[in-house]
Amino acid sequence: MSQLIIKDLTVHYSKEFKALDNVSLNVTKGECVGIVGESGSGKSTLAKVLLGLQSFKHGHITFNGNQAVPEQKKSLREYRKQVQMVFQDANSTLNPKLPVWKSVLEPLGNFKEVHPTFLKRGAVSTKELAVALLEMVGLNGDMVDRYPNELSGGQKQRVSIARALSLEPSLLICDEPTASLDVTVQKQILELVKKLQQQTDMTVLFISHDIRAVTFLCNRIIVLKSGRIVDNFPVHELYEDNRHPYTKALIKAASF
Ligand SMILES: Nc1ncnc2c1ncn2[C@@H]1O[C@H](COP(=O)(O)OP(=O)(O)OP(=O)(O)O)[C@@H](O)[C@H]1O
Ligand SMILES: [Mg+2]
């Protein structure tokens, strides 16, 4: 059954301009779906809609059978717990004035009813919890007392991922999470997301302009062009003849 169903979604930023045009998409629980397309194709707009940061007048979205994004306060809170986001710029997620352990525990502080299954039962101190989260994303636990300006870009992005995963979301949306990182670190982050996705069976929507990254990580690829989905295929069909010419152009430009 589809976990996320987007039907005929159209988003206008002005009367004349549609950032998304009649977008329909079904995502099954546990799938890792890549959304690719050039700058301005509407990728972040789609992420913003799913997070409830951008309104829409046309179309319908359901998440686990319920209308998304919920309007009712209680349902909205539940939705926010289940749908987490990793942004391109970790600096916008991490408060420079807070040590890492405080930043990483912020979501769990907001949702005290969540008891992550990756933590052993029993008394766990707050800092131990932060250490466990950092270790889960491959960081050394002794980084908990550092401040964001004492971390590299890749380390900051790992902290953002730890934060997003702390609530054990069932859907993780990543919007260009590796775009500001160098190639080696990009690969490490992709490998991390892949590993965590396989371990937890969460659904991932991974937005990128880099079709190579998406091919490495995802089971399915959606190609957006000028706000429309022009291609939607399982990753093993990447080189099939019937790929959309725009997808072929993206593959060619990426020089696999
Ligand atoms: N708040 C806004 N008001 C008006 N136009 C907007 C707004 N946000 C985005 N747009 C426009 O909508 C289009 C889609 O933007 P969006 O940010 O979704 O693209 P994107 O695919 O994420 O691009 P990028 O790869 O550069 O991040 C662009 O033409 C952009 O200029
Ligand atoms: Mg964007």
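The values are calculated or read from the model by the stated rules, or taken from the named source; none is laboratory data. Keep in mind that this is a model prediction, so the values were computed, not measured. As a convention, Cβ positions derive from the backbone with ideal geometry for all residues, glycine included, and neighbour counts pool all protein chains shown. Surface accessibility is based on the protein's heavy atoms, side chains included, excluding ligands, DNA and RNA. Shrake-Rupley method; radii C 1.70, N 1.55, O 1.52, S 1.80 Å.
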Counting DSSP beta bridges in the chain, what percent are antiparallel, to the nearest 5? 55
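Counting only heavy atoms of the protein chains, get the accessible area per residue of the chain (1.4 Å probe) and round it to a whole Å² value. Could you put the intermediate results ahead of the total?
Working: 12950 Å² over 256 residues.
Averaged over the residues of the chain, the accessible area is 51 Å².
Determine the share of the range 2-254's accessible area contributed by carbon and sulfur atoms, expressed in whole percent, with a 1.4 angstrom probe.
Values: 6230 of 12570 Å².
C and S atoms contribute 50 percent here.
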Nearby aspartates and glutamates by direct alpha-carbon distance to residue 29 (threshold 18 angstrom, same-chain neighbours under 8 apart not counted): 78, 168, 201
Spin-label point model (7 Å from Cα, Cβ direction): what's the residue 194 to residue 72 distance in nm? 4.2
Past 20 Å, Cα to Cα, is the threshold; run 48/225; 187/248; 15/57; 97/127; 43/225; 48/73 against it and keep the listed order. 187/248
Given 0.36 nm per residue, what is the gain on full extension from residue 252 to residue 183 after removing their alpha carbon distance, in nm? 22.9 nm
Kindly write out, for the range 234-250 in residue order, the coupling ³J(HN,Hα) from the Karplus curve 6.51 cos²θ - 1.76 cosθ + 1.60 (θ = phi - 60°), rounded to whole Hz, with x marking Gly and Pro. x, 4, 6, 9, 3, 9, 5, 4, 7, 4, 4, x, 5, 5, 4, 5, 5
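If packing is taken as the mean number of other Cβ atoms within 10 Å per residue, what is the order of 79-92, 48-61, highest first?
Result, highest mean first: 79-92, 48-61.
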